[in-house]
Structures are given as structure tokens and as C-alpha cells.
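Have a look at the structure below, then the notes.
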Amino acid sequence: MSSLPNLATVFEGAAFGIAVLDLEGAVRDSNAVFRKAYGEISADLLRDHQAEFTALLQGNRPHLEFEQQARTAGGDGMWTSCTLSRLKDERGNVRGAICLIRDVTHVKETEQRMLHDMTHDPLTGMPNRLLFESKLREQLAALQTAVPASFGVLMLDIDHFREINEGFGHDAGEFVVSQIGQRLVAAIGAHDLIARVGTDQFAILACSQGNERHVEITARHLFSALAKPLTLGARTVYVSASVGVALGSPAYLRAEDMIRDAQIATRYAKASGGSRTAIFDATMAVSAEERLQLSSDMRAGLERGEFFLLYQPIVQLEDGEFTGCEALLRWRHPKEGIISPAEFIPLAEQLGLSTQIGRLVARLACRQLAAWRDERGLQIHMNVNVAWPDLLEAEFEQSLIAVTREFQVKPEQLMLEITENIVLNPDGKATQVVERLRQHGFGVCIDDFGTGYSSLHYLQRFHIDAMKIDRSFVCGPGEELASEPIVRALMTLADGFNVRVVAEGIETERQRHALLAAGCRYGQGFLFSRPRTAEELAATYPAAFGAHAPCQSG
Ligand code: C2E
Ligand code: MG
Ligand code: MG
């Protein structure tokens, strides 16, 4: 009669892995299944769980459970579910632990397959919206803590897809989508992500990796990928697409919002005729009705003289001394009251009223400079904001020169503030205009530096006189500089290009001191003065404007 096997034989032949660990966590004895997973030495078992193991031995927890992928010399990478419990001797002293492991590799594989299916599109095998959103969320979270890297969401929508689908049939529609999908995958950069997010919609997360123009370049690559026709049976079809872009910004807290804005821009690109790119701006979200109302109000307001300028001083940070001012436009709307330019300028651009507003601003600015000259004998320096589409208008330069002549204002008194997004102008016309304006004597300055599309690229391409550090880097929720490292980085950049720096949005003494410490010499902000009328400005700076009432000297 054969006897029952002894405990050691049971231990060795058990279907699950068993190991005995000493107080240091070293494996003292183990069975075949355990050795298959972890090899003979088993040093890997507690790699991420040393502290919990100590807590187990000390009696601070009843068990220790975890899952991990075993890294054996054999390298088959079995997934194990491990449970450890204390081992005590007959006197009740803890002598080590016993570890039981189960092979859960097939469970893990099923889980991973499910996860893949949940996050990928079955037709194209590309990531789907769920995965896209989660990657975008990571990108946005990084933006809250790190120096802003430029990235953008590009939403590509195939033009006239319905016609393809209905004209050639559903299979042809699917064929087109998967062909386009493959081409787009090949067109994007190694660090970019592309997902299919709708029947005929693809979303691309373009991450700059140091190249500030990456979003722009990606958009171009997408269009070239579509340039070649597709063959559908005996037919050749050309497929075009509309692309909407939302540029990454710390203002986006939720991935959904950035995707929504990119989609709004896509609709805008489509409505403008398709086969083009549109970059989102806030006015795209304004309803058609509101737009219509505001547009007729704006036209009437321009005629009725409801637009006027306020002036914010630009001072020396060291002693607060006046060096010049920035002209800031306001609209006194008959019903809504004073409307900020942030609201009406982008709308004016869309409505085609921007040129008219630009001319008005130049006229009001020159008229004021002439008044200060005639009444007080002063040559004040004034910054004027110019919307970049205006700058590219054929007549802009001529009308600017004409108005300075009319009021006999020297171009040197005017500094034109333009924003970084001008680099989106693809044919290099902007560079030439800036160059010519500077030859005429106008100063050119980049506004809101650091927030836009292409800081470094801008400095390389344009010869400019000054840049203004955007106020988002200067004033934050506290008293301190919102982002000292960025300010310092921008100062170094400006220094390398020999460009004068003005910091915007200085609200506290601490910010002023930190800016001075970073080497910044000029600034503007509520700490010194809010934008004021011409009379208020003169009264605030008697040393610069003369303490007395207008003098009549010429
Ligand atoms: P901007 O050129 O960057 O002007 C600076 C803005 O920051 C102004 O807002 C100013 O009032 C505000 N600001 C100044 N100091 C502080 C501060 O200490 N704290 C805070 N929180 N804000 C400060 P504003 O006047 O509402 O103008 C907004 C934007 O509208 C301007 O930004 C500029 O881009 C545009 N804009 C203004 N006037 C014109 C114009 O005549 N033509 C064009 N095309 N755009 C204009
Ligand atoms: Mg400005
Ligand atoms: Mg600014």
C-alpha cells in the first residue's frame, strides 16, 4: 500500500507557486511553479514592495497582495498575483513570510486586449477618441506645471464625405476613411498622436518637441497627404479636408474644451469653403445672431465716433519714470457700455472691419501726439496695437505713412505692437512689411511675447525693436511673479537678439523687484497706472508733461 505523499512533495508539486521568505525578504525555499515564474534567485519578487513587506512583518497589515509581471532570466514575463502572509514559529515569533502566487497571465492578456479594443477604432486600428482625450489630458496637465511647450489639437474633417458615402456606397466610404487614415498616420511626426474620432473625422495631437512651428508644419503635411487622388474601382477621386486648430494654452483646463474649440474652428474652415485650416479664436464661438447685431452696431459706432483711445504709461521699473505710453482702444457702446478690445477686435477681424478700425486707431494716436506736441511742445512715444491681418493689407503701410504726414508726427514716435501669430503668414510677406516699416522709422514690437505661436522663430525671422513679456508670466494669483523661470528665459532670449523688453501686467512691488532682478528695465501695469485718458495721463506725470496747463509754444 503506497503512503500519502509528504508535505514537501505536495509543496513541490502544487499548482500554484509557493515560496518561503526570511525576515530580509530573501527566498529561502520555493516550489517548481514559483521558480518557473521568478527563476532560482528570485531577487525580483519584492522589487516595488519592500516597505509594505516591512509593514507586514511588523504586524501593521494582515496580508500583502499585489500583481506584477515577473522578470525572470528565462524572460517569459509571467503575470503573477501574489499574496504574502507572516510565518511564525511555535512560540509565536515572526520568522519570515509565505508567498503564494497564481499565474494570471491569460487574465492580464484578456484585460489588455479589452483595453486595446476600448481605446482603438476597429476599422482603422487607430486610437479612438477615448485614448485621444486621455493623452490630451496628460499634455494639458504638464502645461500647468512646466514651461509651455507649443502643442495643438488639429481636427481634420473630410470634405463632402456624405457625397462619397451616398454616391459610391458604404464600403467605398469605409475604404476612403481607412486609406486616408493610413496616409495621415504616415504624415505626422513620431511624437504626435492621431485618432479617428468620428465617421470622417481625425484628431491629431501635435507636440512640438522643440520646433515652435510644428503645428503649422503638421497642418501642411496633412494637406499634402491628401493631395494624391484615391482610386475607387474605375474612378479616381480627389479628397479634401478642413482642419481646425486649437493651440495649447494653460487656459484650457479640460481636454474636452480644447477638442470642442478645434471642432468649432473646423466648422469655420468648412464654412469658408473647405480645404483649408482655421485657428480657433474666441469669436468663432459667438452665435450668428449676436454676430449680426454686433456687426451692425460696430459699423454704426464707427460712424458715430463711439471708439476712443486710453493711454497706459510705460515706465522705467527702477524709478517709475514715464518713458511713453500704449494706446488702448475702447468702444463706448450705447447700450452695453464700455466694451473691451479683447471682445470686439477679433470680431472686427471676422467682419472685415479690422482695417477701418486700424486706420481709426492710427488717426486717433497721431492726433493725440500732435496735440501734445502743439500744446506742450512734447515728442511723446506711443505704442499702438496692430492686428496682424491689417499689417498685411496692401494699403496699410501707405495709410500709416499718410496719417503721420498729415499730423506731422515722426514715425520714430510710434511703436507698432504686433502679435506672434503673424508667423502663420506663410509667404514671408510679413517679414518684408516689418522690414519696410522699420526703414520708414517706425518701431516694431512683439506683443504678448511667449504666449503665441512661435517666440524663437519670430526673433530669428523678424528684426524687431522690442518685445513685451505677456502679463500671464508677470501677474498671477499671488504677489510674486507668475513665472520667474519663463521671465528669465525670455530675458536671455531677448538679450541674445539685442531686443528691448517691456513687461506687461505688473500689479505688485514684488513683481517689479523680481523683474528688475531678472534684468528687465521697462514695464507697464496697474501698479503704476491703469489706462487713462490723455488729460489724466498728463496730470499723473507732471514731470514728463509739464506741471502747468497747455503752453502755446509751437
Ligand atoms: P495688449 O496690447 O497686451 O494690452 C495690454 C492689456 O493689458 C490691456 O487690456 C491693459 O488694460 C491690460 N493691463 C495693463 N496693465 C495690467 C495689469 O497690471 N493687470 C492686468 N490684469 N491687466 C493689465 P485692454 O485694454 O483690455 O486690451 C486688450 C487687448 O486688446 C490688447 O492687449 C490688444 O491686444 C488689444 N487692443 C487694444 N487696443 C487695440 C487697438 O487699438 N488695435 C488692436 N488691433 N488691438 C487692440
Ligand atoms: Mg499691446
Ligand atoms: Mg500684451
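Rule-based calculations on the coordinates, nothing more; no lab input. The structure presented is a predicted model; accordingly, all values stated were derived computationally and were not measured. Virtual Cβ from ideal backbone geometry, glycine too; neighbours counted across all protein chains shown.
Pairwise over distinct Cα atoms, reciprocal of the mean inverse distance: report the Kirkwood radius of segment 7-103 in Å, one decimal place. 13.5 Å is the Kirkwood radius here.
If only the Cβ of Lys and Arg carry +1 and only the Cβ of Asp and Glu carry -1, the dipole of segment 121-284 around its Cα centre is close to 220 debye. Computed over segment 171-249, the percent of Cα pairs more than 22 Å apart is 25. Here segment 121-284 carries DSSP beta bridges of which approximately 90% are antiparallel, counting only pairs with both residues inside. Listed values for segment 311-325 are Karplus-derived 3J(HN,Hα) couplings in whole Hz (6.51 cos²θ - 1.76 cosθ + 1.60, θ = phi - 60°), namely 10, 10, x, 10, 10, 6, 5, 4, 10, x, 5, 5, 10, x, 8, and x replaces Gly and Pro. Ordered by the count of other Cβ atoms within 10 Å of each Cβ, fewest first, VAL176, VAL474 give VAL176, VAL474.
The residues packed around GLN350, meaning those with a beta-carbon under 9 Å from its beta-carbon, carry a net charge of -1 if Lys and Arg are +1 and Asp and Glu are -1.
As a length-normalised measure over Cα pairs under 8 Å and 6 or more apart, the relative contact order of segment 7-103 settles at 29 percent.
Footprinting exposure proxy ranking of PHE11, PHE545, fewest other C-beta atoms within 10 angstrom first, gives PHE11, PHE545. Applying Stokes-Einstein at 25 °C and 0.890 mPa s to the Kirkwood radius of the chain, computed over alpha-carbon pairs, gives a translational diffusion coefficient of 85 µm² s⁻¹. Normalised by the number of residues in the chain, the average gap of Cα pairs under 8 Å and 6 or more apart makes the relative contact order 9 percent. When only alpha carbons are used to place a centre, segment 249-265 and segment 75-129 end up 37 Å from one another.
Bridges between two residues of the chain, per DSSP, are antiparallel at a rate of about 70%. A viscosity of 0.890 mPa s and a temperature of 25 °C, combined with the Kirkwood radius over C-alpha pairs in the Stokes-Einstein formula, give segment 121-284 a diffusion coefficient of 154 µm²/s. Entry note, segment 99-230: relative contact order of 28 percent, from Cα contacts under 8 Å with a spacing of 6+ residues.
Per residue, the convex hull spanned by the Cα atoms of segment 187-328 amounts to 207 cubic angstrom.
With a Förster radius of 25 Å applied to the C-beta separation of VAL185 and MET114, the computed FRET efficiency comes to 0.60. Taking other C-beta atoms within 10 Å as the exposure proxy, ARG91, ARG260 rank ARG91, ARG260 from fewest upward.
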